[in-house]
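> Here it is, the structure in full.
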Amino acid sequence: MSSALAVVVQTPAHSGLAGPLRYRSELALAPGTLVRVPLGTRETLGVVWDGEAPGLAEGEARPVTAVLDGIAPLNLAWRRLVGFAAGYYQRALGEVALAALPPQLRELDAAQWERRLKRRKPAEPVAPAAALPPEPSAEQAQALAQIAAAPGPFVLFGSTGSGKTEVYLRAVQDLLLADPQAQALVMVPEINLTPQLQERFVARFAPLFGRQALVSLHSGMTPAQRLASWLSAHAGPGAGGARIVLGTRMAVFASMPGLRLIVVDEEHDPSYKQQEGARYSARDLAIYRAQLESRLASPGAQVGPARCRVLLGSATPSLETWHHSRPAAEGGKYQRLAMPSRVGLGRLPAVRLVDMNQQPRKTVFAPALLAAIAERIARGEQAMVLLNRRGYAPVLACGSCDWKSECPNCSAYRVFHKIDRTLRCHHCGFTERVPRACPSCGDIDLAPVGRGTERLQEHLEELLAGLERPGAEGEDRRVRVLRIDADSTRHKGALETQLAQVHAGDVDVLVGTQMIAKGHDFRRITLVAALNPDGALFSSDFRAPERLFSLLMQAAGRAGRDAAHGAASEMWIQTDHPQHALFAALRRHDYPAFAKAQLEEREQAGMPPFSFQALVRADARTQEAAQAFLNLASQGAAGLPGAGDISLYAAVPMTIQRVANVERAQMLVESPSRAALQRFLAAWLEVLRATRQAPEAKGVIRWAVDVDPLSI
Ligand code: ADP
Ligand code: ZN
Ligand code: ZN
């Protein structure tokens, strides 16, 4: 007798096959079991799911080819998490479930799987000699006590260097020592940028639980490494597996049977939002997952005990998170834990604004800023200059005619990179050697317009050429300017080498993009300068000021991290708008004041977190087709469930309208009610799918829904 099974497999996007498919098996297989099943002419990985799959009569269903046994089924919490994510982000269940599994797992057939399982490593002996962790400060101790005493979710609001990481370490340690079956998930925005954090976790936990107790999950790992980490997390402490998973956004889907704590470091960081496929927010899913784990642990209870806690940390929380953590009396649902002081570090830097209206036109460095940098160098300290644009110049232009380095495939200019004399499109990647003469008129007078990090580095080297840094007789004492950006760090290991140069003091001035503003624990930097960050003040994206404030606060946090150097650390900002309220709040390091002003504006304008949004994006051969598709689908929305509470805006071209010869348009969907938006989107998806077949939509290449989009 064979029985019918619901199995989730990867089906094509927008195919309408959103749920599990029906298969049959001789064995009774528990939900969560991994199986190999036929799909069309292929064989593919599937996950046995709960309930029944509709469709084929039992006799017609095809049999499961093989069972990947030897490991426990994926548990109910994991299946619910995946089910929720698929529903909420409007994607097929199979797409989300299979994407949440390590890629190598999808490729192994039954024989390969068996061989792979045999290779699992035995646990190593526990490493000796732990360095004694620091005694928590009063603020840290209070935060930890609050975390232990309440269910959360918690928002750890602490300035840069307030000791947030130390709170994460302690919370994880307390949990793992108290409960031998417990696991913790720690998420960071970009693991490549925070090798230091990983070292701190290894140093703290390897002596306590063995090196194998800590695994990583991020896209920089090889498929084999990812599978090994995944299997270890999935095995859980009971089977000698991982106790701590340290990972990027993808780690939110790690299978962890003993999950009791989720930490989301730098929770405001946009890289927690996946930007293709299922566009999930790992931060938001972390909140959901913790609540789900607690709910499933005590079914029926209205407010169960907190079996799994979640802790979001930031010096500049996202406005959504900040709003959720307002006092409970005002409706806040998260508990805010404030740590305003810096531990063991210098004071936060004094913020100085340079009014560029008072400077001669085309000034790159105001003389006062240059003098301040020179002074730091003379004292053997380091300075950091932030410019959020890489390359030499954003445009190359002809002096005789109106030729500019436009990309033939995109509505954007190609960036001039002087180092390898190329023009490179940062959107489609199209790269050519810089032409010897103007392609349009033949003149050889081609000149860079504007400035990127490459040019800034060159300029600074010239400006500082006459200076010497302190040093011994006979030593090379010329000033060293290092640049760190996506170009300088393209090769594996380059970033680590360059950061090590900064830490070793082999660099006097560090120039770079936002890459250098995040997380690094530079000890000798005492001056940070941001050149012309004004674009974000008047951007059409309502989140631009929030991102700028956060970036500048983070950058400021790189200065004065060592009390021995940081007595008078400074952050300089060159701006045309020194009177802007954003800078006034920044001067006082006053995130709450900034957030309050922004939230008032958002409430008045009915924008998130006071409303809920989704974007539908369409790519097509022509802009007309992209827009026609969206507008037609919009006409079909009347009368759908939830439609009464929905505003649908007209289709508009995206800011960069054409990329790689594809025209792009988008349509904003907004509602004061998250539930109404969800109901509406689920129904509207059918309309969108049908509209795609209409003659007007000919030329549409692809479309996608982005729920809670981050950039508009
Ligand atoms: P954040 O994550 O908020 O930037 P960290 O946890 O990295 O802060 O702490 C900043 C620095 O202070 C680190 O060098 C850390 O080792 C040190 N530190 C943190 N907590 C303590 C403490 N309780 N006692 C002594 N030093 C501490
Ligand atoms: Zn020309
Ligand atoms: Zn291009």
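> Based on C-alpha coordinates, I'd like the Rg and Dmax of segment 395-449, in Å.
10.4, 28
> Let me ask something additional. Can you give me the orientation-averaged projected area of the convex hull built on the Cα atoms of segment 457-551, in nm²?
It is 7.9 nm².
> Still on this model: I need to check one value: relative contact order of the chain, counting alpha carbon pairs closer than 8 Å and at least 6 residues apart, in percent.
Worked out over the chain, it gives 11 percent.
> Using alpha carbons only, what's the Rg to Rh ratio of segment 338-465 with Rh from Kirkwood?
1.10
> Excluding same-chain residues fewer than 8 positions from Lys492, which aspartates and glutamates have a Cα within less than 17 Å of its Cα?
Straight-line reach from Lys492, under 17 Å: Glu190.
> Over the chain, what is the percentage of antiparallel beta bridges among all DSSP beta bridges, to the nearest 5?
50
> Reachable aspartates and glutamates from Lys698, Cα under 12 Å, same-chain residues fewer than 8 places away excluded?
Asp619, Glu624
> With axes computed from alpha carbons, what is the tilt in degrees of helix 367-378 against the longest principal axis of the chain, rounded to the nearest 10 within 0 to 90?
The helix 367-378 is inclined about 80 degrees to the chain.
> Tell me the angle of helix 544-556 to the major Cα principal axis of the chain, expressed in degrees between 0 and 90 and rounded to the nearest ten.
60
> Could you work out the per residue convex hull volume over the alpha carbons of segment 348-409, in cubic angstrom?
171
> Quick one: the Cα spread of segment 3-119 along its three principal axes, in angstroms, biggest first?
Principal-axis extents of the Cα atoms in segment 3-119, largest first: 38, 32, 27 Å.
> Sticking with this structure for a sec: Roughly what would the spin-label model give for Arg106 and Asp534, points 7 Å off Cα along C-beta, in nm?
For Arg106 paired with Asp534, the spin-label model returns 4.7 nm.
> What number do you get for the chain when its Cα radius of gyration is normalised by 2.2 N^0.38 Å, N = residues?
Dividing the Cα radius of gyration by 2.2 N^0.38 Å gives 1.02.
> Relative contact order of segment 444-578, please, whole-number percent, based on alpha carbon pairs below 8 angstrom and at least 6 residues apart.
Across segment 444-578, relative contact order equals 22 percent.
> If I take the Cα coordinates of segment 602-701 and project them onto the principal axes, what are the three extents in Å, biggest first?
For segment 602-701, the Cα extents along the three principal axes come out at 38, 27, 15 Å.
> What are the lysines whose alpha-carbon lies under 19 Å from the alpha-carbon of Lys164, with same-chain residues fewer than 8 places away excluded?
Lys518
Each value in this text was obtained by applying a stated rule to the coordinates, not by laboratory testing. Everything quoted here is computed from the prediction, not taken from an experiment. Every residue, glycine as well, gets a Cβ built from its backbone with ideal geometry; the counts of neighbours run over all protein chains shown.
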